[in-house]
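Student: The structure is given below, and queries will be raised subsequently.
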Amino acid sequence: IGSTTRPVSAGGCSASWPIAAAPRGAAGAAGNGPSFRQKPQASLDTRPGGYVLAVDPAVVDAYRFEQGVTAAVTEHDPARRLAILDRSLALWQGPPLGEFAGAGWADREATRLDALHLQALRRRYDTLLDLDRAAEAAAEL
């Protein structure tokens, strides 16, 4: 969830990160931030320094959200940029990783995702201004 390539030590994924079962409501429940759209196929891979949970990023809303926000940065056409941002922001369903609040790895990732969410909202409002839709931007603030 935190990084697709950075290993987590055995201690880092002990009680705060149940490997055997997904948390209750993790399969797309509202209020859990970016989540899984479908039950993912995953494997726990051993790497130097720990473990990596390998999950197809296409089924994790947090990854899809981040990819969309990144794509919006390079999109020069404001209408297309707005569409990309709207699709990405539609994946946001509340505080990310709320079911793991208090676990260091989850809190760090939630903070990063929250910052990215604010960045996406700012970029969306700027794009609305680029499209001469200031009234719409102001109404959402």
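The values are calculated or read from the model by the stated rules, or taken from the named source; none is laboratory data. Please read all numbers here as calculations on a predicted model, not as lab measurements. So basically every Cβ, Gly included, is an ideal-geometry build from the backbone, and we count neighbours across all protein chains shown. In case anyone asks, the SASA skips ligands and DNA or RNA and just uses the protein heavy atoms, side chains included. Shrake-Rupley method; radii C 1.70, N 1.55, O 1.52, S 1.80 Å.
Student: Just name the residue that is nearest to the chain's Cα centre (by Cα) out of those in segment 92-141 that are aliphatic (A, V, I, L, M) and exposed (fewer than 13 other Cβ atoms within 10 Å of the Cβ).
Tutor: That would be ALA115.
Student: If you don't mind, there's one more thing I want to ask. Kindly indicate the residue of segment 47-91 that is open to solvent by 40 Å² or more (accessible area, probe 1.4 Å) and in a strand (DSSP E or B) and also farthest from LEU113 (Cα to Cα) among those meeting that condition.
Tutor: Looking at residues that are open to solvent by 40 Å² or more (accessible area, probe 1.4 Å) and in a strand (DSSP E or B), I get ARG47.
Student: May I pose another question? Among the residues of segment 57-77, is there at least one that is more than 14 Å from the chain's Cα centre (by Cα), in contact (Cβ under 8 Å) with a residue 12 or more places away in the chain and over 13 Å from ARG123 (Cβ atoms)?
Tutor: No - not one qualifying residue is present in segment 57-77.
Student: Going by the structure shown, is LEU118 touching a Lys or Arg at 6+ places or on another chain (Cβ under 7 Å), over 27 Å from SER43 (Cβ atoms) and part of a helix (DSSP H, G or I)?
Tutor: Spelling it out, it is not the case that LEU118 is touching a Lys or Arg at 6+ places or on another chain (Cβ under 7 Å), over 27 Å from SER43 (Cβ atoms) and part of a helix (DSSP H, G or I).
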